[in-house]
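The values are calculated or read from the model by the stated rules, or taken from the named source; none is laboratory data. These numbers come from a predicted model, not from an experiment. Neighbour counts are summed over all protein chains in view; Cβ atoms, including those assigned to glycine, are modelled from backbone coordinates with ideal geometry. Each accessible area value is taken on the protein alone, full model and side chains, heavy atoms only, with ligands, DNA and RNA left out. Shrake-Rupley method; radii C 1.70, N 1.55, O 1.52, S 1.80 Å.
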Amino acid sequence: MFWKNVKRVKSLSIVTTLALLYSLSTIGIFIVIALFLYPDFSKITQAINKKPVSTYGNQLDSEKKIKICPTEINRLCIKCYKKTIVVLLASSIASIFLGYLVARNGLARMREFENKIENIHSDLLHERINIQDWPKELRNVGEKFNMMLDRIQISFDQLSQFSSDIAHEFRTPLHNLTGLTELALVKEKTSEEYKQTLTLCLEEYHHLSKLIENLLFLARSNHGQMILHKTSFSVKKEILKLFDYYQALAEEKEIELLCQGDATLVADLILFKRMIANLLTNSLHYTSSTKKEIKIEVTSDEHDIFIAIHDQGIGIDSQHLSKLFDRFYRVDTSLNTGSGGLGLGLAIVKSIIDLHKGKIRVGSQINRGTTVYITLPT
Amino acid sequence: MHILLIEDNEKTVNYLLKGLKENYFTVDAACDGQTGLFMATQNTYDLILLDVMLPHIDGWTIITTLRNKNITTPVLFLTAKDTLDDKIKGLKLGADDYLIKPFSFSELVARIHSLLRRNQHYTSEILKIADLVVDTQKHKAFRNNTALLLSAKEFMLLVFFLKRKGEVLSRTLIAEQVWDINFDNDSNAIDVAVKRLREKIDKDFSQKLLHTVRGVGYVLEER
């Protein structure tokens, strides 16, 4: 019980504690003064009260008392003054000392805080400051500090995940290149065979440089180094141009490309096209042939433009949906080589959406198809 | 064709010299900005290949100086700086084209050809290779005097190949020039488009004209 109260007092704001302390000590001082002076006061009042009584009552008795009275009252008054001064002095010294203790105790958390800051290292990012019994003034700072640590930890984790991903993604093509080259050098071969080796190497080089280009794009857009060149354009017109690009592929797979509705959007045109192209590439890739369609619907209200891309493809299991936009995340890990992609297409889409302060959401049903919903501010 | 190459990386210089000579260009090379600028002002070249990051004087300064001296030789920037703003800066200063390292060699050759071709005009609207004839004005294509049924984009693609017959064209370049797709894309749309064009122009004829160069791209030529 007692400790609980102490804790509550500890977690009070320093200013409140000090105010509380001073008002309590003021009351205390008054009480002490009253207690100390009570005997003398009562004597003085007795002396004063007896004076008028004496005039009516016993003359001799009263005269005797009046004789003593003036000096006695004076003496008592001086005694009272002295006592008051001593008590005031002592109590002010005591309250200064108590105030000092309260402030020191409150600010001791500051030193704790300092130590914590001093000891932050990348491998201790998971540690947080326990701010429960901190004074109110410092609790806010501590809370904000913990929140900052949260954010740093998240980006740090992302970054280390990212670098290990990079190392992994680079290792495969490099491994292929090493193998191919070694194999070509070990034994004499026909020029046709050398040519084949070189062609395979070239494909790996292309893969690597594409990987670098895409990773640079993501790094730049995530670190605010991307400058948007915004223009105003008709969404439908640009989508139809992209359809033109995918026409042959779609016809080959007997997939119909449709676009409904239109709106005028102010955005970076190249990035917008890149985003829609990445989504269309996915839709086309995961839609098996035979008379299916991919439909893009464009609608708008006064604030936003909504673009929904529906396909009738193989769909995505709901457990993958939340990770879909992560770098190098592939729904089917065995599909690694089959899709031919880098696993960065949707991460790029997400970063373009973020650059334009938009939103993206995916809904999907296995074997029924997937719909990507995009919201972009006009 | 006389080309000046200003580039400080020795390995790059060596392979570019080798490759460009194989493609019948005469090439002079300068390894730093100062020498490069001197050579560019002293001699007349048909084209300058210019790196941005150079010792002594950088590429931006070289092109500014050249344009200030009214030297209008086409300049193609070769650089590892790949942001759009660098690109725009280069083009604003008077560069004619821009290639980002690492680039494919065939892409470089294709761009050099297109820059050199800029000054020439096509007097004829009739483009020909073997028995394939395309009339760009009437939008008609014939193979061995039989009319070919091509969609609008297939026609554009064929004209693009014909204007650059004998050149190996990369998928990136085709996507950029025919469909205006200026960004990296994982789809095999180009392959399918070329395949369909090939079916229409080559399938029924013994002499094949449109060939695949594995790992690089496509080429239209008589073999």
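The table for this structure:
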| quantity | calculated |
| --- | --- |
| Residue of B:F160, B:F38, B:F183 that the Gaussian network model of chain B assigns the largest fluctuation, springs spanning Cα pairs under 10 Å | B:F183 |
| Separation between Cα centres of the range A:346-378 and the range B:32-105, rounded to whole Å | 40 |
| Percent carbon-and-sulfur accessible area, the protein assembly as shown, ignoring ligands, DNA and RNA, probe 1.4 Å | 57 |
| Between 0 and 90°, nearest 10: helix A:14-56 axis offset from chain A longest Cα axis | 10 |
| Zone of A:E256's modelled label, taken as backbone nitrogen in the range A:299-329 under 14 Å from a point 7 Å along Cα→Cβ | A:312 |
| For B:A29, distant residues with modelled amide H under 5 Å away | B:L5 |
| Alpha-carbon centroids, the range A:254-303 and the range A:63-139: separation in whole Å | 71 |
| Hz values of 3J(HN,Hα) by residue in the range B:147-160 - Karplus curve (6.51, -1.76, 1.60), Gly and Pro given as x | 5, 9, 8, 10, 6, 4, 5, 4, 5, 4, 5, 5, 4, 4 |
| Accessible surface, per residue, of the protein assembly as shown when the full set of protein chains is kept, probe 1.4 Å, Å² | 58 |
| Total charge dipole magnitude, the range B:126-220, about the Cα centre, Cβ charges on Lys, Arg, Asp, Glu only, Debye to nearest 20 | 360 |
| Interface burial for A against B (accessible surface, 1.4 Å probe, total of both chains, Å², rounded to 100) | 2600 |
| 20 Å binning of all Cα-Cα separations within the protein assembly as shown, expressed as whole percents from 0 upward | 14, 34, 23, 10, 8, 7, 4, 1 |
| Distance between modelled label sites at A:E182 and B:T146, nm, 7 Å Cα→Cβ extension | 5.2 |
| Cα-centre dipole for chain A with unit charges at Cβ (Lys and Arg positive, Asp and Glu negative), debye to 20 | 3520 |
| Dipole moment magnitude, nearest 20 debye, chain B about Cα centre, only Lys, Arg, Asp, Glu C-beta charged | 740 |
| For B:W179, solvent-accessible area (1.4 Å; no DNA, RNA or ligand), Å² | 20 |
| Selected from A:N146, A:N282, A:N74 as most flexible by GNM, with chain A as the system and alpha-carbon contacts under 10 Å | A:N74 |
| Mean ellipticity per residue at 222 nm, deg cm²/dmol - from DSSP H runs of n ≥ 4 across chain A, formula -39500 (n - 2.57) | -23000 deg cm²/dmol |
| Rounded tilt (10° steps) of A:345-355 against the dominant C-alpha axis of chain A | 50 |
| Fluctuation leader among A:K273, A:K295, A:K195 - chain A, Gaussian network, Cα springs under 10 angstrom | A:K195 |
| Solvent-accessible area of A:T71 with every protein chain in place, 1.4 Å probe, in Å² to the nearest 10 | 100 |
| Efficiency of FRET from Cβ geometry, A:K210 and B:D8, R₀ 35 Å, rounded to 0.05 | 0.85 |
| Per-residue ³J(HN,Hα) for the range A:101-108, Karplus 6.51 cos²θ - 1.76 cosθ + 1.60, θ = phi - 60°, Hz, x for Gly and Pro | 4, 4, 4, 5, 4, x, 7, 4 |
| Under 5 Å, built H, 5+ apart or other chain: amide partners of A:E293 | A:E256, A:Q312 |
| Stretch gain in nm, segment A:N115-A:K83, where the contour uses 0.36 nm per residue and the Cα spacing is subtracted | 6.8 nm |
| Under the Karplus curve 6.51 cos²θ - 1.76 cosθ + 1.60, θ = phi - 60°, whole-Hz ³J(HN,Hα) for the range A:198-203, x wherever Gly or Pro sits | 4, 4, 5, 4, 4, 4 |
| Anisotropy class of the range B:6-82 from Cα gyration tensor, a/c 1.5 cut | oblate |
| Cα-projected label distance for A:Q196 with B:T61, points at 7 Å along beta-carbon direction, nm | 5.2 |
| Other-chain or far-sequence residues with amide H under 5 Å of A:T378's (modelled H) | A:D304, A:I305 |
